[in-house]
Amino acid sequence: MSEMLIKNATVYDPINGVNGDLMDIAVKDGKIVDSASGSAQVIDAGGRLVYPGGVDAHSHIAGSKVNIGRIMRPEDSRLGLKARTKLTRAYTGYTVPNVYAMGYRYAEMGYTTAFEAAIPILKARHTHEELEEIPIIDKGGLTLFGSNWMVMDAIRENDQDRLAAYVAWGLLASRGWGVKIVNPGGGEAWGFGKNVSGLDDPVPNFEVTPRQIIRNLAEVNEKMNLPHSIHLHCNNLGKPGNYETTLASFDICKDIKASRDRQSLHVTHVQFNSWGGNHWGDMESKSDAIADYLNKNDFLTIDMGQLVFGSATTMTADGPVQYANARLLKARWSNGDVELEDTSGVTPLEYHPQSYIHGIMWAIGLELALLTKDPWQVLMTTDHPNGGPYVNYPMVMTMLMSKKRREKEMAKIAEKTFERTSIAGIDRELDWYDIAIKTRAAHAKVLGIIEQGKGHLGVGADADIAIYDIKPDETDATVEFDKVEAAFRRSAYTIKGGEVVARDGEITATPMGRTFWVRTKVDNDGYGRMMDDLKLKFKNYYSVNMANYMVQDEYVERPVVVDTEYK
Amino acid sequence: MIIKDVLCPFCGCLCDDLAVEVVDNKVVDVKHACKIGASKIRGHDRIKAPMMRDDKKGEFREVSYDEAINESAKILANSKRPLLYGWASGVCEMMKKGVLLTEEVGGIIDNTASVCHGPSALGVHEKGLPTGTLGQFANRADVVVFWGCNPVQAHPRHMGRYSVFTKGFFANKGRRSRKVVVFDVRKTDTANLADEYVQVNPGEDYMVLSALRAIVAEKGDVVPETVGGVPKEKLVEVAETMKGAQFGIVYFGMGLTQSRGKYKNIDNAVSLVTELNAHGKHSIIPMRGHYNVTGFGQVCAWETGFVNAVDMSRGYPYYNPGETCSNDLLMREEIDAAFIIAGDAGAHFPAQSIARMGKVPVINIDPFHSASTEMANIVIPTKVSGVELEGTAYRMDGVSLRMRKLVDVDFPSDEEVLDKIIAKVQEIKGASS
């Protein structure tokens, strides 16, 4: 069987506490093993940097939102073109790449796993159709529950067993990995063009509050022993002053005990939710308050949602915020309401360094990462493609590693930014180990996929390995940031499941990855009550029949199913 | 045996509540479907075997699948500017193979939307598309507008299942919960069922939309006494109805996309709906024709970045409607071979395009005899998707569903034929490079 030996690797593997040790890594049949035989293919890393394959816990890579982004933005698809070869299909797009470029570009950067951040259950088949065509990387997706009628009805009637039964059924129906909550309750309010204003503002017609939705789903999530915690996109995103809602949302889950060795709450793209001030005119960074909370509490994790200047395609299940964005910017606007379940909006925009609003947003993302002491608590993301496309991760990595790199960027940014942010005064520079945490190890831990062999290089792990053309002991990342960025953009080798899939940033093989999803057994009478309610909703309110609703096995050809039980 | 929850392979409504009775591998009864859907499921005029002819005026001779497939591959592989058109009445699985075949031969792939809702896509490029799923409109809409479409004839169950007569959670009195407005150049059967019928002069929809936008924006004083044949009084009344909606929905058809103004009409309609969202909630949705014409746009977009009319001759996708649509290419006489599948160019293209197709080799893949068959040199019959084959289709609102198989037949699927053509093309191209 296939064997590989990577010699002289300078390894950073934070899950196993390996911090820059010079060592060999042996691979057999797609897994990391203790040692390799003499017949193994040998790769001499020559002391170069070796990380576990990158993991992206929050990225919009597939489904109807992404595709409406492509359809409404032919000008974006005209970027990044690369003709087909004997091995690869054609690449298109920058913020909304086609399915092929989506996988190839992750692999070219040494990333081997990415999770789609929002699956509406009714449109999950579409999401999986795209996921199935994204080459190389392993995938999973988070299912939307935050404005779902079944969820809100069960919560209003204080029936947590029924709620759990529905969450389990919804994860099965969508072949999802975790519970995503976007602007809880707001998606339903948006059904009539309204929104919820805060955690205690009841959802019209449903008489539950966003606070109840978050709390109940978080409790149920832990009782279901799901690999991932709830994954929350807070209310009031994109509004000055929203940091107070964000802090209050954190508090809702403070006393919830995680059922596994991970957080009990993950709050996503917090950059967009750490804003002070009362209006656009006095908007300021409140990352200090957010980071302070994180420094005092270890039950939660966040991801950055870093902004990258240039073109972005914003896409979210937060429908009302997208309408507000589009009106404010006079931009194109697509909306996608999903009956009984949720909504979404897509709006293209351009982030300008000379806009202090955008400058502040840029600063907040980095501040969150740099002011929070524990690197495991803040994942590096751009909320692709909301803050900017993931191909810019290497640049963001260098900004975390080098104050000089940040200063170079700051020189382009509107001065007013620095009256409202603290980024200019932050000296912290992350090291190779921190970056390994923020771009792979912590993502795997937060998602709960360490057990699936992701995010580390211990024996038994998937042989997903990135070798970068950089010698850590000879490279000063605080100064040589251009060199570091170039190395992270094009891995020397990306190895996926023991196969070299990219070499010097060129794709060399295109195996198809697997899809993770969770199946939870709910064995109590809540299941019966849930089914009665569900059948009624299909009979009266859904526009499709229940028998045709659930994603069929044909749409997930290479599944990895994790079983759990509700207690 | 009665098979339930069957999807209908006819129009963009993609009804999924049919009950089909099958006896001895034959469809004997179709329940809940409209007459057109039932007729398609029952089947008619099947092409029995592959056929070929050199002279388009001559008679076809029956050939084997292998011969027809190999000959098709030869034509495509040796063509400099092949057009691969249709891709509507089939499942997504075959559309993916269609994109791949187009890449292999460096051709142009274009879908029936080209002569239908293609301008809608251009409108979306300009303004986006505030929309939703059909159940959202069924549950909520209290003002329903049909513009340049006639569902009574073209989407027979639409008004019953999704838009007008159905009861929803909020619109719980069905028809009585909704005010229905129809804009059309003629008083259609749909207009006969409306609360308000607004007769628009042919080709003047754009002006009417602009007038409505002005009135909604409280700039009605700039609107003249009559616009597009509609008295201002009526426009004000309708604008107030739309503005007063809790949830308004605009369904539009080819009366808007293929009349004067084309994509600009859609741009204007989307703008009107977007602006109305400052008042209540409003959405807009194209009434797509073939049951999976929407699916092609989805597949083509995620595979090539573009929704339709994609030229792969450069090795990467190139999209420029006006240059790369079927009729642009045919009228410029660029096309030197045509591959028509799951759509009928022969019935829907203008004479000038048909004339060009008369001069080049044409391959037609279809279970049924059509006008395109008349122009073909090679005809390859395949399974009827959704009756004889499972697969994915996208409803007009982008909800994808899995079509069921009802009976077994010996015909190959579109996908199987495409796979064999692709393999043969690769063999021919591999040998020559």
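If you go through the range A:342-355 and pick out every residue that is crowded, with 22+ Cβ neighbours inside 10 Å and either assigned to a strand (DSSP E or B) or more than 9 Å from chain B (Cβ to nearest Cβ) (or both), you end up with 6. Annotation note: Cβ proximity below 6 Å between a residue of the range A:437-460 that is closer than 22 Å to A:Thr372 by Cα and a residue that is of a type in the set (Lys, Arg) and open to solvent by less than 10 Å² (accessible area, probe 1.4 Å) (sequence gap 6+ or interchain) occurs for A:Ala444/A:Lys454; A:Gly455/A:Arg440. Looking at this structure, is B:Asp311 closer than 19 Å to B:His125 by Cβ and either modelled with pLDDT of 95 or more or surrounded by fewer than 20 Cβ atoms within 10 Å (Cβ to Cβ) (or both)? Spelling it out, B:Asp311 is indeed closer than 19 Å to B:His125 by Cβ and either modelled with pLDDT of 95 or more or surrounded by fewer than 20 Cβ atoms within 10 Å (Cβ to Cβ) (or both).
Within the range A:518-533, one or more residues are outside any loop (DSSP other than H, G, I, E, B), free of Cβ contacts under 8 Å to residues at least 60 places away in the same chain and surrounded by fewer than 17 Cβ atoms within 10 Å (Cβ to Cβ). Only one of the numbered conditions (1) open to solvent by 10 Å² or more (accessible area, probe 1.4 Å); (2) away from chain B (no Cβ under 14 Å) is violated by A:His384, and that is (1). Within the range A:410-419, being open to solvent by 10 Å² or more (accessible area, probe 1.4 Å) and in a helix (DSSP H, G or I) holds for A:Met410, A:Glu415, A:Lys416, A:Phe418, A:Glu419. Any idea how many residues of the range B:1-30 are part of a strand (DSSP E or B), more than 14 Å from chain A (Cβ to nearest Cβ) and either of a type outside the set (A, V, I, L, M) or within 22 Å of B:Gly295 (Cβ to Cβ) (or both)? Looking only at that region, the number is 4.
Picking from residues in the range A:145-159 that are in contact (Cβ under 8 Å) with a residue 60 or more places away in the chain and open to solvent by 10 Å² or more (accessible area, probe 1.4 Å), the one that is nearest to the chain's Cα centre (by Cα) is A:Asp153. Go through the range A:315-330 and give me each residue that's within 12 Å of chain B (Cβ to nearest Cβ) and open to solvent by less than 30 Å² (accessible area, probe 1.4 Å). Across the range A:315-330, the qualifying residues are A:Met315, A:Gly319, A:Pro320, A:Gln322, A:Tyr323, A:Ala326. Condition check for A:Asp13 on (1) among the acidic types (Asp, Glu); (2) surrounded by fewer than 24 Cβ atoms within 10 Å (Cβ to Cβ); (3) more than 14 Å from chain B (Cβ to nearest Cβ): one failure, at (2).
Here is a yes/no grid of residues against (1) of a type in the set (A, V, I, L, M); (2) crowded, with 24+ Cβ neighbours inside 10 Å:
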{"site": "B:Ala355", "(1), (2)": "yes, no"}
{"site": "B:Val362", "(1), (2)": "yes, yes"}
{"site": "B:Glu388", "(1), (2)": "no, no"}
{"site": "B:Ile422", "(1), (2)": "yes, no"}
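Mind checking whether some residue in the range B:46-65 is within 25 Å of B:Val164 (Cα to Cα), among the charged types (D, E, K, R) and either away from chain A (no Cβ under 14 Å) or part of a loop (DSSP other than H, G, I, E, B) (or both)? Among the residues of the range B:46-65, not one is within 25 Å of B:Val164 (Cα to Cα), among the charged types (D, E, K, R) and either away from chain A (no Cβ under 14 Å) or part of a loop (DSSP other than H, G, I, E, B) (or both), which makes the answer no. Restrict the check to the range B:249-261 and report whether at least one residue is within 18 Å of B:Gly132 (Cβ to Cβ), among the aromatic types (Phe, Trp, Tyr) and within 13 Å of chain A (Cβ to nearest Cβ). No, that holds for no residue. In the range A:241-262, what count of residues is obtained for those that are open to solvent by 10 Å² or more (accessible area, probe 1.4 Å) and either in a loop (DSSP other than H, G, I, E, B) or under 21 Å from A:His443 (Cβ atoms) (or both)? Total satisfying the criteria: 10.
Among the conditions (1) in contact with a Phe, Trp or Tyr (Cβ under 6 Å, 6 or more places away or on another chain); (2) more than 30 Å from B:Val180 (Cα to Cα); (3) not β-branched (Val, Ile, Thr), B:Lys281 misses just one, which is (2). Remark: pairs (first residue in the range B:59-73, over 10 Å from B:Ile380 (Cα atoms); second residue in a helix (DSSP H, G or I); Cβ separation under 6 Å; 6+ apart in sequence or on different chains) = B:Asn70/B:Lys424; B:Ala73/B:Ile421; B:Ala73/B:Lys424; B:Ala73/B:Val425. Could you look through the range A:326-341, keep only residues that are part of a strand (DSSP E or B) and touching a Pro at 6+ places or on another chain (Cβ under 6 Å), and pick out the one that is nearest to B:Ala141 (Cα to Cα)? Per the stated criteria, the residue is A:Val338.
The residues in the range A:456-480 that are more than 23 Å from the chain's Cα centre (by Cα) and part of a loop (DSSP other than H, G, I, E, B) can be counted, and the count is 12. Of the strands (runs of 3 or more DSSP E) lying entirely inside the range B:365-433, those carrying at least 1 residues that are within 14 Å of another protein chain (Cβ to nearest Cβ), under 23 Å from B:Gly43 (Cβ atoms) and modelled with pLDDT of 95 or more are B:391-394, B:400-403. Answer yes or no as to whether A:Asp29 is open to solvent by less than 10 Å² (accessible area, probe 1.4 Å) and not hydroxyl-bearing (Ser, Thr, Tyr). No. The residues on offer are B:Val293, B:Val299, and the sole one that is farther than 14 Å from B:Leu122 by Cα, touching a Lys or Arg at 6+ places or on another chain (Cβ under 7 Å) and either among the aliphatic types (A, V, I, L, M) or open to solvent by less than 10 Å² (accessible area, probe 1.4 Å) (or both) is B:Val299.
For the condition in contact with a Ser or Thr (Cβ under 7 Å, 6 or more places away or on another chain) and assigned to a loop (DSSP other than H, G, I, E, B), A:Gly47 qualifies. When A:Gly453, A:Gly425 are checked against the criterion of being within 19 Å of the chain's Cα centre (by Cα) and more than 20 Å from A:Gly46 (Cβ to Cβ), a single residue qualifies: A:Gly453. Within the range A:43-78, being farther than 26 Å from A:Ala317 by Cα and either of a type outside the set (D, E, K, R) or open to solvent by less than 20 Å² (accessible area, probe 1.4 Å) (or both) holds for A:Ile43, A:Ala45, A:Gly46, A:Gly47, A:Leu49, A:Val50, A:Tyr51, A:Pro52, A:Gly53. Residues in the range B:264-286 that are over 20 Å from the mean Cα position of the chain (by Cα) and either assigned to a helix (DSSP H, G or I) or not small (Gly, Ala, Ser) (or both): B:Asn268, B:Ser271, B:Leu272, B:Val273, B:Thr274, B:Glu275, B:Leu276, B:Asn277, B:His279, B:Lys281, B:His282. Being under 24 Å from B:Arg404 (Cβ atoms), touching a helix residue (DSSP H, G or I) at 6+ places or on another chain (Cβ under 8 Å) and in a loop (DSSP other than H, G, I, E, B) is the filter here, so list the residues in the range A:553-567 that pass it. Passing the criteria: only A:Val556.
In summary, B:Gly386 fulfils each of the numbered conditions (1) of a type in the set (Gly, Ala, Ser); (2) out of contact with any Lys or Arg (no Cβ under 8 Å at 6 or more places or on another chain); (3) under 30 Å from B:Val23 (Cβ atoms) with the single exception of condition (2).
Helices (runs of 4 or more DSSP H) fully within the range A:84-170 that include at least 2 residues being facing chain B (nearest Cβ under 10 Å): A:99-108, A:124-131.
The values are calculated or read from the model by the stated rules, or taken from the named source; none is laboratory data. Here the structure is a predicted model, which is why all the values come from computation and not from measurement. FYI the Cβ positions are ideal-geometry reconstructions off the backbone, even for glycines, and counts take in every protein chain you see. Heavy atoms of the whole protein, side chains included, go into the accessibility calculation; ligands, DNA and RNA do not. Shrake-Rupley method; radii C 1.70, N 1.55, O 1.52, S 1.80 Å.
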